[in-house]
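Beneath this line is the structure, given in structure tokens, with notes to follow.
The values are calculated or read from the model by the stated rules, or taken from the named source; none is laboratory data. Not measured: the values here are computed from a predicted model. Virtual Cβ from ideal backbone geometry, glycine too; neighbours counted across all protein chains shown.
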Amino acid sequence: MTLAGATRNEMLLSLSNIVKSYQTAEGGIEILRGVDLDLAAAESVALAGESGSGKSTLLHLAGGLDRPDSGIILMNGQDVGALDDSGRARYRRREVGLVFQQFNLIPSLNVAANISFHAKLAGRFDVDWERELVDRLGLGDLLTRYPEQLSGGQQQRVAIGRTLAARPPLVLADEPTGNLDEATGDAVLDLMLSLSRSAGSALLLVTHSTRLAGKLDRKVFLRGGKIVP
Amino acid sequence: MNVRYAAYAFIALWGLVLGAAGVGAQGFAGLGSDAHGFAVPQRGLVLSFPRDHGPHPDFRIEWWYVTANLQAADGRRLGAQWTLFRSALVPGEGQGWADPQIWIGHAAVTTADSHYVAERLGRGGVGQAGVVADPFEAWIDDWQMDANRPADGDVLDRVELRAQAQDFGYHLTLAAKGHLILQGDRGYSVKSSMGQASYYYSQPFYEVRGTVSIGGAPVAVTGRAWLDREWSSQPLASNQTGWDWFSLHLASGEKIMAFRLRDTGGAFTSANWISADGKTTPMASGDVVLEPLRKASAGGREVPVAWRVKIPSRGLDITTRPLNDNAWMATSTPYWEGPIFFEGTTSGEGYLEMTGY
Amino acid sequence: MIWAAFLALLSHWRHRPLQLVTLIIGITLATALWSGVQAINAEARASYARAASILDQNGLPQLLPKNGDTIPMAVYAKLRRAGWSVSPVIEGDYRFGPFRVRLIGIEPLTMPIENRIFAPSDSSELVDFISKKGLLVVSPATAARLKDVAGMPLKIYEDIPDDAAFTDIGAADRLLNRKGSLSRIVMATGQRPDLPALETVAPELISQSADDRPDMARLTDSFHLNLTAFGFLAFVVGLFIVYSATGLSFQQRRATFRTLRSLGVSLQSMTAMLLVEIMLFALISGVLGVLIGYFLASALLPGVAATLRGLYGASVPGSLSFRPEWWLAGMAMALAGTALSSFQSLWRVRRMPILAAAQPRAWAGMSAITLRLQALAGAILFGISVFLAFAGSGLASGFGVLGALLLASAFLLPAFLSRSLRFAEGRSSDALAVWFWADTRLQLPGLSLALMALLLSLAVNIGVGTMVSSFRLTFLGWLDQRLVAELYVTARDEAEAARLREWLPKHSDAVLPIWSVEGNVLGDRLQIFGVADHPTYRDHWPLLNGLPDVWNRVAQGDGALVNEQLWRVKGVQPGQTISLSDGWTVTVVGIYSDYGNPKGQAIVGLDALVQHYPNLAKLRYGIRIDPALAPDLKLQILREFGLPESNVIDQASLKRQSQAVFEQTFAVTGALNVLTLAVAGFAMFASLLTLSGIRLPQLAPVWAMGVRRRDLALLEIARTLALWCATFIAAIPVGLALAWVLLAIVNVEAFGWRLPMMIFPADWLWLGAVAFVASVLSVLLPVMRLATVNPADLLRVFANER
């Protein structure tokens, strides 16, 4: 599936003219200066760029974790930027799934509870789908373990499982393999791609690896606060 | 232990004696009593025995004072002291605890190396301490001086003397070989040029045998003893600071009692020559020279422990030395009291008492 | 270099002022409560010791009459003349105008120096003391009361207890009209070994050995034990605070340590610097703590003094003297406690490799193994406690039971909470609920010390509260039983008593003589009371057990009742015969409870008592009358006989006084309750504050998955309350066990009587409410920080570069 022919209204996620700045000791830094980006349902897009170019910031805005200074974020036609705190919490619960470089599992819950946690919050818990996920992620033997007892690759697989168990329309992944060695990273990414396709989720993946970016449907660059092709 | 007691006890006998001097002078006007209602000695009063062996509660102070020069079988020399003081807060007697008389006992044993001291305090009227004239008994606690009177002679001719303290004690039997001696003018003993005086008599002729125990080990002893009896209400003048008192047993069997009352200007000296058969001759004040020769440290003070005693009219010129330099009586009012020996124109032994150092 | 490094270390506190405040408050509170309680105890003990040594010369052995009340003067003289170093005492109550004082006549010349209360500096002072005019040596307060009515010179001496006067034995003899007969004879220590035996010199006397401790101190031990328990508990809780604060500060400065080490600061000098830093804080806080403790003690002391006076008749001044010993002790506790609680952190610093990762991890991580070891230690301690409770004997073992029980419960608490949380987790299906319980369990290691502190303070509060309330209820009930007569009249002398005997029957329903003597029973001197044969006793007297026909046998004169103390301590059983004086034996027919009395006591028929002690003082009477008429009769007696108020006591006011005493006790216990809870609450606050620093990474993922910050904050409050609630539930059985140990073991060992235990759930509610407020307060600040946390701070958790 490609972007060609799709109008903005049909897009799953549509960011237009997003501006975001941060206050630092030296004054305000405008990190995003009018970003436009569209994502179709079930599409996978790699977001590349140099360190500090604002990739993570963009991802956080898309995930409803933060608000833009200006610009519009539409998700299925709904203005995410206009939501209040509760609305954004509901949005995060139901519309998006987040995968981070640091895995960010819940330390007090075991693997099984971690995987089903988001799905249950989102009200989309599905035993069969979860069993399939666990099988495909190879986590069957680890279900009663706690995060601190897992390796990095195992933890990231749990994090992916947790995100996809909820079948969110949009998966946002921020360098999910950045903490893993290359072989493990490739395997994890392949799994993630194939699973998000099975789940029918779109994927916005932040990475600075062109090799990994090549595995996705489309690739965009963030440079000078704007998206460049 | 007892010394420690003594240090805390607060009766200051000599303090009372000296303190009384300040008010004593104006009482001496033939009225027979001083400002505090105490009787004062009168010249010419005839002492009567055994009555006057007993206490005189109308007078401020009084004592029964025995010193003994002793010798053990192995030739070791010792000294023993037994004293009972009476001190009245007010004249007279009272029933039970209301009795105003305070009694103080001092006991000591002196050897060449050590000096043992004990003190006892007690109230009159309750039986703890007191003196009865006939049959004679003087006591404080279990320290006693009992007469064991022969059929004839004086009440005090045979006396049992006992004292017991934590670390020493003695039981001596005293037998008089002569009569009582009245000091001064028939027992009226002048103590200053201003006329202060006391009643004073002695029994210097005791022969002693008995036991002295030190640290629980009894030693049989023999020797000589001297009893002094004195009572008064204001024996010292206000400027008098203390006294040096000698009792001497001469080789000839004669005895000498000599004292020097020190005052701020000089000294008042007095002596009594007692012949072997008990005849007394008071010496003129100028005829007696008492001269300190050597000082020693005792009880933290410098005390003259060796003396030259001269009575030119009798051709006496002797020097005394103590058995123990440190015969310090660490009692509530401390003083020096110990056995001495003398050589010179004659030799012998005796006791020296020094107060006010 | 060193100075610069030290400044670098110290700069940490500029960035974390709250942490610094926590640390300082922790040490300060610990020291304040500890030294405050110690100050109260020290003051009270000093005053008992002073009273006992001064009033009773209890540091010395004494000679007392075997029969009767007095010793003839001749016996004293006989002892002295036998060489005994003894000193006579005449004492008794004497009224100077409206004021009653305990007059103690001593003989200054023979009084052993160990017991000289005052030392006349010279002979003139001595002369004043023993002169006919007399001299009363009294405390400043007593001097103020007596100055217009004494009729003799007063001399003020600070060390003398109030309402007592020392005087010469001659003056006491005259005032008390004793005609020379003595109350007792004091013996000096170190008597000569060669003395004749007492049996030969004075067979009419018995010797009573010197008490190593004053009676009053023993009697009030349990009260002071309560105070000490509170103080120590608060101290331990304070140390928990210090432990968590230093642990956190060290943890957060690991990067600084590493940098300093790489810059060439030796491990030795860094440890030294940290030690200096922490001791500096301890010193400052210690001084603050001792000062606060002093004010705390000053504020509490009047209440304590009133309690002690009312409950035990112990006279303790209501004002505090600043004693150097507890100044020093307070400072030492502050320094030692701080050193102890920062030891582990310092140790870790010493063992940390130069290039240790600076990654923050849980500052007080506790593995499952630690939990299990703690639980095991708790179980062993609990076993020891149970073993001691049933197999041990003696006061020390009673305290052992207490200590082991408290420690055991503290050690078992984390395991108990962990189990409870696991159970709740297992019963939840909702994802958020599961996470809530699981996450609460994760916090447990970081909070367990604070929770242990909370458990201990709650348990001690419940335990002591139960004891005091049981005591009050039992005591007041017992007073109701025992104080049956409407009025109690005491005549001043025999003549007046005779007039009363004549007058009273015409004006009342019944007149019950209450006469007593001191006699030798089973080797102790104790009171023997005679009671009339009257329904007042038959119907009301509180008997614990007895033979059938008890009162008839008492009335006939061949039966005696003994109190619980005699029964427990001497093992006297009903049916046994005991001797009450030479040649008078009776059968024990019953046991009665006699709370608050440290000594044994016996009751016999009045006629029998009079027959054996014909000369006993017949001064006291109980009067039965219609209660409505009692106040009038009281006035009538006062008018008719000119008796002082205090000689006619009505039952109602006696009970009122007792009640007032208990109110004081409750006020003091209540104040200490609140204070210890406050410290426990602060420990909780400190722990939560510390934890809140490491909470963000734990909470951010949950937030990212769509849970609002507000909900997270509410869940944090719920978490604290859940832990508090579980701890409170755990504290109830521990507190009740504590109360049981206090009532059934410590009390019996200390006083010889056992109180029934009563339970007061309403008190727990009150306590629970106070603890609830404390825990809500403790969680408020950390949660408010969380609820308003900037999303950027949460986002930083997800940042790639950290």
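Considering (1) surrounded by 12 or more Cβ atoms within 10 Å (Cβ to Cβ); (2) closer than 16 Å to B:T355 by Cα, the lone condition that B:T264 does not fulfil carries the number (1).
When the residues of the stretch C:143-194 are filtered to those that are of a type in the set (S, T, N, Q) and in contact with a Leu (Cβ under 8 Å, 6 or more places away or on another chain), which remaining residue is surrounded by the fewest Cβ atoms within 10 Å (Cβ to Cβ)? Talk me through it step by step, then tell me what you get.
Let us first name the residues in the stretch C:143-194 that are of a type in the set (S, T, N, Q), namely C:167, C:177, C:181, C:183, C:189, C:191.
Among the residues that remain, those that are also in contact with a Leu (Cβ under 8 Å, 6 or more places away or on another chain) are: C:167, C:189.
Details: C:T167: 27, C:T189: 13.
So, considering only residues that are of a type in the set (S, T, N, Q) and in contact with a Leu (Cβ under 8 Å, 6 or more places away or on another chain), the one surrounded by the fewest Cβ atoms within 10 Å (Cβ to Cβ) is C:T189.
Summed over the stretch A:22-43, the residues that are in a loop (DSSP other than H, G, I, E, B), of a type outside the set (D, E, K, R) and at pLDDT 90 or above give a count of 1. Being more than 30 Å from C:R754 (Cα to Cα) and either within 9 Å of another protein chain (Cβ to nearest Cβ) or hydroxyl-bearing (S, T, Y) (or both) is the filter here; which residues of the stretch C:443-470 pass it? Within the stretch C:443-470, C:Q443, C:S448 meet the criteria. Out of the stretch B:109-142, which residues are in contact with a Lys or Arg (Cβ under 6 Å, 6 or more places away or on another chain) and among the hydrophobic types (A, V, I, L, M, F, W, C)? Selection gives B:A133, B:I140. Across the stretch A:58-82, the qualifying residues are those that are among the aliphatic types (A, V, I, L, M) and more than 12 Å from chain C (Cβ to nearest Cβ), and the one among them that is surrounded by the fewest Cβ atoms within 10 Å (Cβ to Cβ) is A:A82.
Of a type outside the set (S, T, N, Q) and touching a helix residue (DSSP H, G or I) at 6+ places or on another chain (Cβ under 9 Å): which single residue out of B:D277, B:D287 fits that description? Write out each step before concluding.
On the way: B:D277 fails: touching a helix residue (DSSP H, G or I) at 6+ places or on another chain (Cβ under 9 Å).
Result of the check over B:D277, B:D287: B:D287.
Among residues of the stretch A:187-209 being modelled with pLDDT of 85 or more and either more than 24 Å from A:L37 (Cα to Cα) or more than 13 Å from the chain's Cα centre (by Cα) (or both), the one that is nearest to the other protein chains (Cβ to nearest Cβ) is A:A199. When the criteria are applied in full, A:A166 fails the requirement of being crowded, with 18+ Cβ neighbours inside 10 Å, within 29 Å of A:L39 (Cα to Cα) and in contact with a Leu (Cβ under 6 Å, 6 or more places away or on another chain). Is at least one residue of the stretch B:76-95 in a strand (DSSP E or B), more than 14 Å from chain C (Cβ to nearest Cβ), in contact (Cβ under 8 Å) with a residue 60 or more places away in the chain and within 30 Å of C:S124 (Cβ to Cβ)? Scanning the stretch B:76-95 turns up at least one residue that is in a strand (DSSP E or B), more than 14 Å from chain C (Cβ to nearest Cβ), in contact (Cβ under 8 Å) with a residue 60 or more places away in the chain and within 30 Å of C:S124 (Cβ to Cβ). Taken over the stretch C:645-676, the criterion of being of a type in the set (V, I, T), under 17 Å from C:G463 (Cβ atoms) and modelled with pLDDT of 70 or more is satisfied by C:V668, C:T669, C:V674, C:T676.
A single entry from A:G34, A:G52 fulfils the requirement of being away from every other protein chain (no Cβ under 13 Å) and over 17 Å from the mean Cα position of the chain (by Cα): A:G34. If we keep just the residues of the stretch C:195-234 that are modelled with pLDDT under 70 and outside any helix (DSSP H, G or I), which is surrounded by the most Cβ atoms within 10 Å (Cβ to Cβ)? So the residue we want is C:T220.
The condition of being under 30 Å from C:N673 (Cβ atoms) and within 14 Å of another protein chain (Cβ to nearest Cβ) holds for only one of C:T440, C:T474, that being C:T440.
None of C:L373, C:L402, C:L381 is modelled with pLDDT of 85 or more, part of a helix (DSSP H, G or I) and surrounded by 19 or more Cβ atoms within 10 Å (Cβ to Cβ) except C:L381.
Mind counting the residues in the stretch A:110-146 that are more than 10 Å from chain C (Cβ to nearest Cβ), surrounded by 18 or more Cβ atoms within 10 Å (Cβ to Cβ) and in contact (Cβ under 8 Å) with a residue 40 or more places away in the chain? Adding up the residues that qualify gives 4. Do we have any residue at all in the stretch C:403-414 that's among the polar types (S, T, N, Q), out of contact with any Phe, Trp or Tyr (no Cβ under 6 Å at 6 or more places or on another chain), under 30 Å from C:R568 (Cβ atoms) and more than 14 Å from chain A (Cβ to nearest Cβ)? Scanning the stretch C:403-414, I find at least one residue that is among the polar types (S, T, N, Q), out of contact with any Phe, Trp or Tyr (no Cβ under 6 Å at 6 or more places or on another chain), under 30 Å from C:R568 (Cβ atoms) and more than 14 Å from chain A (Cβ to nearest Cβ), so the answer is yes. Pairing each residue of the stretch C:36-63 that is over 30 Å from C:V679 (Cα atoms) and surrounded by fewer than 24 Cβ atoms within 10 Å (Cβ to Cβ) with any residue that is at pLDDT below 75 and of a type in the set (D, E, K, R), provided the two are 6+ apart or on different chains, yields C-beta distances under 7 Å for C:R50/C:D159; C:A52/C:D215; C:I54/C:D159; C:N58/C:D211; C:G59/C:E114; C:L60/C:E114. Total residues in the stretch B:319-332 satisfying the condition of being surrounded by 22 or more Cβ atoms within 10 Å (Cβ to Cβ) and in a strand (DSSP E or B): the figure is 4. Mind listing just one residue for me: the one in the stretch B:121-131 that is in contact (Cβ under 8 Å) with a residue 60 or more places away in the chain and at the interface with chain C (Cβ under 10 Å from one of its Cβ atoms) and, of those, surrounded by the fewest Cβ atoms within 10 Å (Cβ to Cβ)? Applying the filter and picking the extreme gives B:G130. Of the residues in the stretch A:152-162, not one is at the interface with chain C (Cβ under 9 Å from one of its Cβ atoms), in contact with a Pro (Cβ under 7 Å, 6 or more places away or on another chain) and modelled with pLDDT of 90 or more.
So, restricting to strands (runs of 3 or more DSSP E) that lie completely within the stretch B:185-289, which ones have at least 3 residues that are β-branched (V, I, T) and either more than 21 Å from B:V155 (Cβ to Cβ) or touching a strand residue (DSSP E or B) at 6+ places or on another chain (Cβ under 6 Å) (or both)? I'd like the intermediate steps shown before the answer.
Working: elements: B:188-190, B:197-214, B:217-232, B:240-250, B:255-263, B:267-274, B:280-283.
Fully inside the stretch B:185-289 and qualifying: B:197-214, B:217-232.
Are any of the residues in the stretch B:37-58 closer than 30 Å to C:G134 by Cβ, at pLDDT below 90 and part of a strand (DSSP E or B)? Don't jump to the end; show me each part of the working.
Of the residues in the stretch B:37-58, the ones closer than 30 Å to C:G134 by Cβ are B:37-40, B:54-58.
Filter again for at pLDDT below 90, leaving B:37-40.
Still in the list and also part of a strand (DSSP E or B): B:39.
Yes; the residues of the stretch B:37-58 include at least one that is closer than 30 Å to C:G134 by Cβ, at pLDDT below 90 and part of a strand (DSSP E or B).
When the residues of the stretch A:159-174 are filtered to those that are touching an Asp or Glu at 6+ places or on another chain (Cβ under 8 Å) and of a type in the set (A, V, I, L, M, F, W, C), the one that is nearest to A:G140 (Cα to Cα) is A:A165. The single condition from (1) assigned to a helix (DSSP H, G or I); (2) small (G, A, S); (3) farther than 25 Å from C:M467 by Cα; (4) modelled with pLDDT under 85 that C:A617 fails is (1).
Say whether the condition of being under 23 Å from A:H208 (Cα atoms), facing chain C (nearest Cβ under 8 Å) and among the aromatic types (F, W, Y) is met by at least one residue in the stretch A:85-94. Steps first, please.
Going residue by residue through the stretch A:85-94, those that are under 23 Å from A:H208 (Cα atoms) are none.
No, there is no match, as no residue in the stretch A:85-94 is under 23 Å from A:H208 (Cα atoms), facing chain C (nearest Cβ under 8 Å) and among the aromatic types (F, W, Y).
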